[in-house]
Amino acid sequence: MNPTMTTLAAPRDTLLISSVLHLMSHYCTSADKGTPCLKLASSIERHLAALSRCSDLDPVVRATCEGLVANWSDVVETGVSDTGKRSLVARLLDVDGFRKK
């Protein structure tokens, strides 16, 4: 492994971890107020997914992030179904939605 890449990756990984913890704390604060933010949950999911793919990260941390991605994905999916919103892909694939009855 290239030592320069390892040196550059460490701050990036640390920044990602710091960012996801910050986002999680804001999500908890908004959820405590009764208004959990779906965009925050989605951002947390993406950050955790990025961390789970960081090859320089400790395997235990990567595995934990991978497991948390599934949990946050459920939070996002539940939030989307509760609001009645559908993902862009779901809307694009809904052929019946374009047909008038």
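Things to note:
- Matching residues in region 65-101 - criterion: being at pLDDT 65 or above, surrounded by 14 or more Cβ atoms within 10 Å (Cβ to Cβ) and more than 16 Å from Pro36 (Cβ to Cβ): Cys65, Glu66, Leu68, Val69
- The residues of region 29-41 that are surrounded by 12 or more Cβ atoms within 10 Å (Cβ to Cβ) and in a helix (DSSP H, G or I), listed by number, are Thr29, Ser30, Ala31, Leu38, Leu40, Ala41.
- Pairing each residue of region 57-71 that is closer than 14 Å to Val20 by Cβ and touching a residue at least 24 places away in the same chain (Cβ under 8 Å) with any residue that is surrounded by 10 or more Cβ atoms within 10 Å (Cβ to Cβ) and charged (D, E, K, R), provided the two are 6+ apart or on different chains, yields C-beta distances under 7 Å for Leu57/Asp13; Val69/Glu45.
- For beta carbons closer than 7 Å, sequence separation of 6+ or different chains, a first residue in region 11-36 that is more than 23 Å from Ala63 (Cα to Cα) and a second that is aliphatic (A, V, I, L, M), the qualifying pairs are His26/Leu40; Ser30/Leu40.
The values are calculated or read from the model by the stated rules, or taken from the named source; none is laboratory data. Predicted model, so just to flag it, every value in this text is computed and none were measured. We place every Cβ from the backbone using ideal geometry, glycine too, and count neighbours over all the protein chains shown.
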